[in-house]
Amino acid sequence: MSVEARPGPGDGAVGSGGKSEVGPGAAGPDPVGSRPSIDREAVVFDLIMVAFAALIVVTALGIGPRARVVPLVVGVPTLLGLLFLLGRDLGIRVLQPRPPSTETVHSMAEATDDLEAAMAAALEVPEDTPEAAQAARRSKILLAGWAIAYVAGVFLTDFLVATPIALFAILAVTTRRWLLSAIVTAGTCLFLYAVFIMLLKVPV
Amino acid sequence: MIDGLIAATIELMAWPGPAIMLVGVLAGLLVGVLPGVGGAGATALLLPVTYAMEPVHAIGFLMAVGTSSGLGGQITSILVNIPGDPPNAATTLDGYPMTRQGRAAEALGAATAGSVVGAVLGVVLLLAVLPITREIVLAFSYPEFFMIALSGLVMIAALTRGNTFKGLLSAGVGLLIAFIGLDPINGAPRFTFGQLYLWDGIDLTPALVGLFAGAEMLALYQFRGDASIVQVEDGARRSRQLDGVVATVRAWRTVVMSSLIGFVVGVIPGIGGTVASFLSYGRAARMSDHPERFGKGAVEGVIASETANDADKGGALLPTIAFGIPGGTMMAVLMVGLILHGVPVGPSLMRGDNLTIVYALVVALLLPRMVAALIVLAVGGRAVALTRIPGSILAPIISVVAIVGVYAVRNSMLDVVVALVFSYVGYAMQRHGFSRVALIIALVLGALVERSYHQTMATFGPAGFISRPIAVALLVLILLTLFGGPLLRLVRRIKARDYGGTPA
């Protein structure tokens, strides 16, 4: 059982959301002698988390002795663990790699009968083709750009102005159906107005 | 006691009591469906509405809003993987996979039935324990709070089996985020980097909405632009809500145990329904004959979390009325409401004429939830239609609703920025096998861990952790959770070697 059940590269099982070991590009426990490929996205995420943990640990060293004790007790092992993970994702091996365990094979065998794992696999496969990978990249850039533009829009104009515009923009760009986008945006805004302003009297 | 309960029911049902409670139920359900606001937030927002009401009707209204929101929150947790209320987060773990398998109605039926039974058992336990309340709460002190918080974290790490290392790292990062804000010793800003916004720490609502709702919407938008959430064959059999109700009856052991967990966690102030539902979920998974199904659409997972979430409120009411110590955020808001209406809270509430108020609170804890459950059973199935909407349309709408919900809590645009940042963090965690649950639970428990550690050291010294029976029992439980499995495997291996066999 796994609560989050999102195993990722190198974690020994296939699940929804996490990249499957069986898929190309996974940096899991590969057969002895083969060269592990590096998952760049995973490395970047590891780096971000290492930077955050390091920032907390370094900052903790400069505060009062009693106020820093718990953050350091948690922060130092977390930082070391993240560094170990980063090294592992970069393909640095301290110990000799073990051959694939029967547990992994068991999980993979189970996954064939598992609907969610099958769906996860279906989600991951398109990205493995150059066109799909490019589409996914485009989608990521679009979403990141949308989020930045939205936040900038709120600070430049107003929350109540920027929010409907942002909703209409993302719908219009995605669906390419202007009328539908306008109707959905208007409907959503009306719903939000009725709930938050009329019913709950929230000073939005 | 029975006479008191009957009298309180009559008083609550005196016109316009039923109408007021019905409005409260509808508002609670609606707010529950909207991610971000939550039951406590909605109760606080609607507090001014009760000024003109009789105290007993105000109690009915506030309880209706606060308790119904969980039932509303379960709808979005199951259908679109968005916990409307933080305690519904555990429901998403199996509720959403069930939706993706075309079993949304079954999940809704199970969650509703579990909620109702949990609420009833929670109230029964409350009434049973009420006379001995003082002794129970006084038995818990700082070391016990510390151990309770620690056991919550260890439990989550143990639950992310097959990925324990990343589970622990996720919990570690969650704790580090929780330490941002004023330090509990001197009240000086810590890890705030000169930002006034960070003085209060990272608020749970935007973090929760981002990690769960935002990340899921990013994934939905990116991978399923023109497809709906449900990915089953058109001809496949669709589940019914009755299936979920039947499943709840069959899982009676899970229901009883989850109610007990929910109630006990609820009694302990400051922990709340989110921890109760995750603890109960974890216990159900560990005790299940099929633990491998959990996280992949196990109906017992939905039942466990929703039952505990609703039983928790019975427990949370106990310290609120007996000691004036709110058992949770919702109870804190309710306490403010009681004070506004001139109702004394604390030990004096348990005496004389004020007992009517206690019974009114107990009845109001149960009655609106029955109505809310009927509404969910009647129209919840229709809400399944939400899952047929293409991801490219649904994802932006839900994102904007979530953003407005997050913004509405404090009218802070920085909360929205935090939610957006956590959306990307949650998305990356999901993609790379980290545990979002461990992170959020650490974020919930972080303050309690640190505060109770310092309080224990100041009050009892280091010996406090190992000299009090309940704390020691909890410590043993933690050690068994962490090392019980490996030790058992080691013993088996040694035994197998001694007998010349092969290890299992």
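See the values below:
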{"quantity": "Interface size A-B, as summed buried accessible area [1.4 Å probe, Å², nearest 100]", "calculated": "7200"}
{"quantity": "Net charge over other residues, Cβ less than 13 angstrom from the Cβ of A:V70 (K, R count +1; D, E count -1)", "calculated": "+2"}
{"quantity": "Estimated dipole of region B:2-467 in Debye, rounded to 20 [Cβ of Lys and Arg +1, of Asp and Glu -1, Cα centre]", "calculated": "840"}
{"quantity": "Packing rank of B:91-98, B:254-261, B:409-416, B:281-288, where each peptide gets the mean count of other beta carbons within 10 Å, highest leading", "calculated": "B:91-98, B:254-261, B:281-288, B:409-416"}
{"quantity": "Rg in Å to one decimal, and Dmax rounded to a whole Å, for region A:129-204 via C-alpha atoms", "calculated": "15.1, 50"}
{"quantity": "Within region B:427-498: Cβ-based charge dipole about Cα centre, in debye rounded to nearest 20 (Lys, Arg +1; Asp, Glu -1)", "calculated": "400"}
{"quantity": "Helix-only [θ]222 nm of chain B, DSSP H runs n ≥ 4, -39500 (n - 2.57) each, per residue, nearest 500", "calculated": "-23500 deg cm²/dmol"}
{"quantity": "Residues in region B:451-492 that, when all protein chains are in place, have 40 Å² or more less accessible area than the chain alone would give (probe 1.4 Å)", "calculated": "B:H454"}
{"quantity": "Environment charge at B:T205 (Cβ cut-off 13 Å; Lys +1, Arg +1, Asp -1, Glu -1)", "calculated": "-3"}
{"quantity": "Area projected by the alpha carbon convex hull of region B:400-504, averaged over all directions, nm²", "calculated": "12.2"}
{"quantity": "Compactness index (Cα Rg / 2.2 N^0.38 Å), region B:2-467", "calculated": "0.93"}
{"quantity": "Selection from B:L176, B:T320, B:A284, by position along the positive dipole direction of chain B (Cβ)", "calculated": "B:A284"}
{"quantity": "Relative packing of peptides A:177-189, B:422-434 - highest average C-beta neighbours within 10 Å first", "calculated": "B:422-434, A:177-189"}
{"quantity": "Separation of the B:V336 and B:L490 label points, Cα + 7 Å toward Cβ, nm", "calculated": "5.1"}
{"quantity": "Rounded FRET efficiency, nearest 0.05, which uses the C-beta distance separating B:N186 from B:L479 and R0 of 35 Å", "calculated": "0.60"}
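The values are calculated or read from the model by the stated rules, or taken from the named source; none is laboratory data. Only a predicted model underlies this, so the values are computations on that prediction, with no experimental measurement involved. All Cβ positions, glycine included, derive from the backbone under ideal geometry; neighbour counts span all protein chains shown. For accessibility, only protein heavy atoms count, side chains too; no ligands or nucleic acids. Shrake-Rupley method; radii C 1.70, N 1.55, O 1.52, S 1.80 Å.
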